[in-house]
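See structure below.
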Amino acid sequence: MEKDRIKQAYLDFVLNEGHPPASVFKLTQQLGGSEAEFYQHYPNFEAIDREIWADFGKQARTAAASEPVWEGYGSREKLLAFYYTLLEILKQNRSYALMSLRRSLHRMPGLSPRVLDDFRQDFERFVADLLTDGRVSGEIANRPIVQDGYPRFFWQQVLFVLGFFAKDDTVNFERTDAAVEKAVTLSFDLVGRNTLDSAVDFVRFLVRR
């Protein structure tokens, strides 16, 4: 059995039944294959869920970066473009996305559900690159003591956005779109240069005299 065929069959089952298959045997029997063939690709159903969410993130980054305006964007605009593209992908897969989020997010409020582990690792690498570019351009303040923790800070923002999306009952998730813009604006106000940075620079200038 091909890996993509297993993943699609699993996804179809979850969408039709509202829950994962009772066992690997049940799914592979439906596909006309064997359990051994399944285990050549996945250790369990949770691994398929993690891969599906990682796929959502990769698709969002690839699609956003393929836009002609991408190279002209700063770090803030690139993160916004990623979020809006991700939301469009989630809307296209809303039944699975909402079912998965509502099943996992409420179990550990504020903590990362295991289903998002692969997505989180990819996202943190992505946002770390954005922030590095932002420091080079001056959009992000250089704060050596705290900046290593920024990717984890932005991951909490992802959890906020996904949680908001899961609870949003407005037409076409309009409130989630607005929440994304406000969250990203606030986060870049916090990591960007501000009055405190200007004060520190001024003190350093005076000390060097």
Item to check | Test set (1) free of Cβ contacts under 8 Å to residues at least 60 places away in the same chain; (2) out of contact with any Phe, Trp or Tyr (no Cβ under 7 Å at 6 or more places or on another chain); (3) within 28 Å of Ser66 (Cα to Cα); (4) crowded, with 19+ Cβ neighbours inside 10 Å - Arg120 fails condition number | outcome: (2)
Checklist outcome for this item: So, first residue closer than 14 Å to Arg193 by Cα in segment 130-155, second residue open to solvent by 80 Å² or more (accessible area, probe 1.4 Å), Cβ within less than 7 Å, six or more apart or across chains; the pairs are Arg135/Asn142; Ala141/Arg193
Checklist outcome for this item: Residues in segment 134-143 that are surrounded by fewer than 15 Cβ atoms within 10 Å (Cβ to Cβ) and either aliphatic (A, V, I, L, M) or assigned to a helix (DSSP H, G or I) (or both) total 2
Checklist entry - Can we say His41 is open to solvent by 70 Å² or more (accessible area, probe 1.4 Å) and closer than 24 Å to Met1 by Cβ? => result no
Checklist entry - Does segment 85-108 contain at least one residue that is buried (at least 19 other Cβ atoms within 10 Å of the Cβ), among the acidic types (Asp, Glu) and at pLDDT 95 or above? => result no
Checklist entry - Under the condition of being under 17 Å from Lys91 (Cβ atoms) and touching a residue at least 60 places away in the same chain (Cβ under 8 Å), which residue from segment 170-187 is farthest from the chain's Cα centre (by Cα)? => result Asn172
Checklist entry - Can you find a residue in segment 67-78 that is in the same structural domain as Thr176 (by the TED database), within 17 Å of Asp118 (Cα to Cα) and of a type in the set (D, E, K, R)? => result no
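The values are calculated or read from the model by the stated rules, or taken from the named source; none is laboratory data. In this text the structure is predicted, and so the values were computed from the model without any measurement. Methodologically, a virtual Cβ is constructed for each residue, glycine included, from the backbone with ideal geometry; neighbour enumeration extends over all protein chains shown. Note: accessible area is taken over every heavy atom of the protein model, side chains too, but ligands, DNA and RNA are not part of it. Shrake-Rupley method; radii C 1.70, N 1.55, O 1.52, S 1.80 Å.
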